[in-house]
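The values are calculated or read from the model by the stated rules, or taken from the named source; none is laboratory data. Treat the numbers as computed from the prediction; the structure is a model and nothing was measured. Positions of Cβ are generated from backbone atoms using ideal geometry, with glycine treated the same way; all protein chains shown enter the neighbour counts.
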Amino acid sequence: MSQVKILCAGDLHLGRTSSKCIHDGEESTVHSTREAWTRIVDCAIEYGADLLLLSGDIADDGGNQYEAMGPFEAGIRRLTESGIDVVMVAGNHDARVLPRLSGMVADSRLRLLGRNGVWEQVHWPSDDAPRLTLAGWSFPAGKVATLPLDEFAPVPCDGAPLIAIAHTDYRYADPDYVPVRLDDLRAKAGVDMWLLGHLHAPELLDGPPIILNPGSPQALDPGEPGMHGPWLAEIRDGRIRRVEQAPLSSVAYHDITIDVTGLGEEDEIAAFILQALEPVEASHRSRAVTPRISCRLRLTGRTSMLAGLCADVGNILMEQPLRDAHNIYLEQIDISGVGPSYNLADLQQRPDIIGTLAGMLCDLEDAGTSSARRSLLRGAEEQMQRVTNNVAYREGVSRDELPAPDVLLKSECRRLLDALLRQEEGRP
């Protein structure tokens, strides 16, 4: 059985370090892209890869690009010694430096495709015995309006699937980064798989053709949540049979919402949070690399222990007791969604604005058609119509999507009531 093993990666940005995950006194290089590159090289060797394909932005721009040269060269030499070929294209960050980096590694198995924004196609391992066809387009030093697909004429070869590599914004979000539409990629005849770069969120779209954006192999900041790492691909009998991620990032970012409703005096918020994080921890236990879990927590719900919760959250962020026993870093805990627990019937007895708001909420919660409820809803409808009919109104939310008057009134009453009760207790 003819078999080719391939490792795919891109957007490494050598020279950078993952943010919002470092403990006090910890070496910042622990979660660097330099270490991630070492893990990619190790993975390629252990996997028995024939090829490593890189889809651009291997080096970062600015002063960091010089930091990339040594580690990159060392990794390429290890791959060469293991008989692994490396084929890559340049991205927008390394359009100038990657050609120089590739030229520095003499006598290696490294090849840069598509220099100066010109499509290039090669057979691997040779023209005489092709088992795979590779086409590449490297980001030129200047700006390009769009990925020049019209200039790409794939030449398929029987028994040698064609993988095209380009660093491009395939979600068409930014005109400065050679955008291309997914439909145009799919329409290009002769391509079995697209290997893309630029967007740091990993994504695999089934074919034909297969479209793989490997994402950043090292998650770099909280805007890059979930699993990250290079991708394993396998070609058997002239067809791409398997594409799957090897989650090797040393950091995993998560945004987590925890409902603290019912939290009482006997409950420790740290233990409560740790219990809520258990499923997140469990999802990473089977990975080859157990990552640092960096979390942004959003607490919601209502509790009578709001004052204590505020103090406890501050202590947790300052001391981070969870991190001693668990590989967790709590980067942020947002308690703005937590409100005080109260009894509306008691509050409406008060002779102040808090009592007035509580009374309005009681009327709005009444499922019947009391005169007080009808009056409140009629006033809300009139105010909403006055605003939306004004010539200055701009539809940030379309009129059809505006909440019903009772929903809007309840929400605003609770928001104001929560703010007043917080203020009364001297809390932010």
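On the stretch given as the stretch 64-116, residues that are modelled with pLDDT of 90 or more, in a loop (DSSP other than H, G, I, E, B) and basic (Lys, Arg) total 1. Is there a residue being out of contact with any strand residue (DSSP E or B) (no Cβ under 8 Å at 6 or more places or on another chain) and among the small types (Gly, Ala, Ser) anywhere in the stretch 98-114? There is at least one residue in the stretch 98-114 that is out of contact with any strand residue (DSSP E or B) (no Cβ under 8 Å at 6 or more places or on another chain) and among the small types (Gly, Ala, Ser). Looking at the stretch 162-197, which of the residues that are surrounded by 14 or more Cβ atoms within 10 Å (Cβ to Cβ) and free of Cβ contacts under 8 Å to residues at least 24 places away in the same chain is nearest to the chain's Cα centre (by Cα)? Among them, the one singled out is TYR172. Of the residues making up the stretch 49-63, just one is modelled with pLDDT of 95 or more and surrounded by fewer than 22 Cβ atoms within 10 Å (Cβ to Cβ), namely ASP50. Answer yes or no as to whether ALA276 is small (Gly, Ala, Ser) and surrounded by 14 or more Cβ atoms within 10 Å (Cβ to Cβ). So ALA276 fits the description; yes.
Under 26 Å from ARG236 (Cα atoms), aromatic (Phe, Trp, Tyr) and in the same structural domain as ASP158 (by TED's automatic domain parsing): does that describe TRP119? Against the criterion (under 26 Å from ARG236 (Cα atoms), aromatic (Phe, Trp, Tyr) and in the same structural domain as ASP158 (by TED's automatic domain parsing)), TRP119 does not qualify. With (1) at pLDDT 80 or above; (2) surrounded by 11 or more Cβ atoms within 10 Å (Cβ to Cβ); (3) part of a helix (DSSP H, G or I) as the list, and ALA345 as the residue in question, which single condition is left unmet? It is condition (2) that ALA345 fails.
For the stretch 350-390, filtering for residues that are touching a residue at least 60 places away in the same chain (Cβ under 8 Å) and crowded, with 17+ Cβ neighbours inside 10 Å leaves 2. So is HIS123 surrounded by 15 or more Cβ atoms within 10 Å (Cβ to Cβ) and in a loop (DSSP other than H, G, I, E, B) or not? The answer is no for HIS123.
Output the residue which, of all residues in the stretch 178-219 that are among the β-branched types (Val, Ile, Thr) and on the phi < 0 side of the Ramachandran plot, is modelled with the lowest pLDDT. The selected residue is VAL180. The residue pairs whose first member lies in the stretch 90-111 and is in contact (Cβ under 8 Å) with a residue 60 or more places away in the chain, whose second member is surrounded by 14 or more Cβ atoms within 10 Å (Cβ to Cβ) and among the basic types (Lys, Arg), and whose beta carbons are closer than 9 Å, counting only pairs six or more residues apart or on different chains, are ALA90/ARG96; ALA90/ARG115. Being of a type in the set (Val, Ile, Thr), in a loop (DSSP other than H, G, I, E, B) and touching a residue at least 12 places away in the same chain (Cβ under 8 Å) is a description that applies to THR146. Elements of the type helices (runs of 4 or more DSSP H) sitting completely within the stretch 260-327 and holding at least 1 residues that are at pLDDT 85 or above: these cover 269-284.
Here are some residues: PRO161, PRO130. Which one is in the same structural domain as LEU196 (by TED's automatic domain parsing) and touching a Cys at 6+ places or on another chain (Cβ under 7 Å)? Selected residue: PRO130, the only one of PRO161, PRO130 that is in the same structural domain as LEU196 (by TED's automatic domain parsing) and touching a Cys at 6+ places or on another chain (Cβ under 7 Å). Select the strands (runs of 3 or more DSSP E) contained entirely in the stretch 208-249, then report the ones holding at least 3 residues which are of a type in the set (A, V, I, L, M, F, W, C) and in contact (Cβ under 8 Å) with a residue 40 or more places away in the chain. Per the criteria, 231-236.
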